[in-house]
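Asks: Dropping the structure in here first, questions after.
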Amino acid sequence: AAGLWTVFTLGGVGSKASAQLEQCSPLASQSLLLLLTLFYFFISDNTAFSSSNPHAFQINFNSLYTALCEQQKSDQATLLLYMLLHQNSNVRTYVLARTDIENLV
């Protein structure tokens with residue numbers, strides 16, 4: 001997951017359109033789509049993750065927030081943000097506590 005996140009955060013610049021982003025960094029675009037697929041899979045199948053510790057890895061919310069702010073012209077990044085805000089109370093709490101939320105909006 002850390003490798004996928006690195007590819008996503010180094011993937012492109014938020015000022016580019018989605019089509020240009022996919023041409024410049026197809027690996028970042030594909031990684032983001034994979035994250036969305038995995039996210040959806042674990043939401044729809046509650047038995048898929050039967051570990052006693054559901055938090056198998058840690059994410060730096062500051063880096064996540066910065067990357068999502070830079071990628072908001074991408075439909076995939078917007079969908080990931082939507083899913084995280086609605087399904088993860090820790091992400092939602094972090095985003096609402098930020099003083100620069102206008103960068104995301």
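Asks: Tally Lys/Arg at +1 and Asp/Glu at -1 over every other residue whose Cβ is under 11 Å from the Cβ of PHE61; what's the total?
Replies: Net of charged neighbours comes to +2.
Asks: Same structure, new question: Run the numbers for ASN103 and GLN87: contour at 0.36 nm per residue of separation, minus the present Cα-Cα distance, in nm. Could the numbers behind the result be given before it?
Replies: Values: separation 16, 0.36 × 16 = 5.76 nm, distance 2.13 nm.
Residue separation times 0.36 nm, minus the Cα-Cα distance, leaves 3.6 nm.
Asks: Could I ask something else about it? What nm value, rounded to one decimal, do you get for the distance between GLN58 and LEU33 when each label is placed 7 Å out toward the C-beta?
Replies: 3.3 nm
Taken together, the values in this text are just the output of simple stated rules run on the coordinates, not laboratory data. Note that this is a predicted model, so its numbers are computed, not measured. A quick note on method: Cβ atoms are made from the backbone with ideal geometry, for glycine too, and the neighbour counts reach across all protein chains shown.
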